[in-house]
Amino acid sequence: FVVWLALFSLLACGYITQATTLAARLGGFAFGLFAIPRIGTFAQDLRKFFETPIVLIFIPIFYAWNGIRVDFFLLSGRDVACAFLLWGISFAVKFSAMYMLACANRMQGFKGAFFGIAHATKGFAGAIICNVALEVGFISKRYFALVMLFSVLSTVTTTPLIRLIQLIETCLKQR
């Protein structure tokens, strides 16, 4: 009963923010941030209940919906080059900061590298934020396309980078 009450409350918050001409995701985000108690096992129970359908159904729908909404033809060659440059600089800065933080918490070596890569590639968060900004009219479609290119770059490079670190770690252990 409690899970269904939480789901109903989440949808109600989304409906209220949509009715007030804000994006519905803001209501869901606010509900998840402020209304779900972190004491006890309620948050973990909700996560177990909703994780599988979200990962298997809603995240692919979200990416497909973004793919339909974005128009990469609005970008010039210079915009694409800037997106790649921004991704490279952003990754280097975030990775080195997270690696230093990991080392400060005694996660040196490859564990620190995994931590750095996992925290440096946050394309999904950028996609969510830009969707809300586009719906409210805060950003242009061109800027949305630029950020979506950046998000795709960030998301697509995560797995190959982690595999590369695993390969290097395996090669060094065999020596």
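The values are calculated or read from the model by the stated rules, or taken from the named source; none is laboratory data. Because the structure is predicted, anything quoted here is derived from the model rather than measured. Neighbour counts run over all protein chains shown; Cβ positions are idealised from the backbone, glycine included. Side chains included, ligands, DNA and RNA excluded: accessible areas come from the protein's heavy atoms. Shrake-Rupley method; radii C 1.70, N 1.55, O 1.52, S 1.80 Å.
Quick notes
- Neighbours by Cβ (under 7 Å, 6+ apart or cross-chain): first from the stretch 78-99, within 13 Å of residue 123 (Cα to Cα) and in contact (Cβ under 8 Å) with a residue 60 or more places away in the chain; second part of a helix (DSSP H, G or I) and polar (S, T, N, Q): 87/154
- Complete set of residues in the stretch 38-58 that are open to solvent by less than 90 Å² (accessible area, probe 1.4 Å) and either at pLDDT below 65 or under 17 Å from residue 131 (Cβ atoms) (or both): 54
- Boolean, residue 132 is more than 12 Å from the chain's Cα centre (by Cα) and either buried (at least 17 other Cβ atoms within 10 Å of the Cβ) or within 25 Å of residue 79 (Cα to Cα) (or both): yes
- Selected residue (criterion: nearest to residue 157 (Cα to Cα)) from residues of the stretch 80-112 that are open to solvent by 70 Å² or more (accessible area, probe 1.4 Å) and of a type in the set (A, V, I, L, M, F, W, C): 84
- Only one of 127, 120, 145 that is buried (at least 19 other Cβ atoms within 10 Å of the Cβ) and either of a type outside the set (A, V, I, L, M) or modelled with pLDDT of 85 or more (or both): 145
- Any chance residue 35 is farther than 25 Å from residue 151 by Cα, modelled with pLDDT under 70 and surrounded by 11 or more Cβ atoms within 10 Å (Cβ to Cβ): yes
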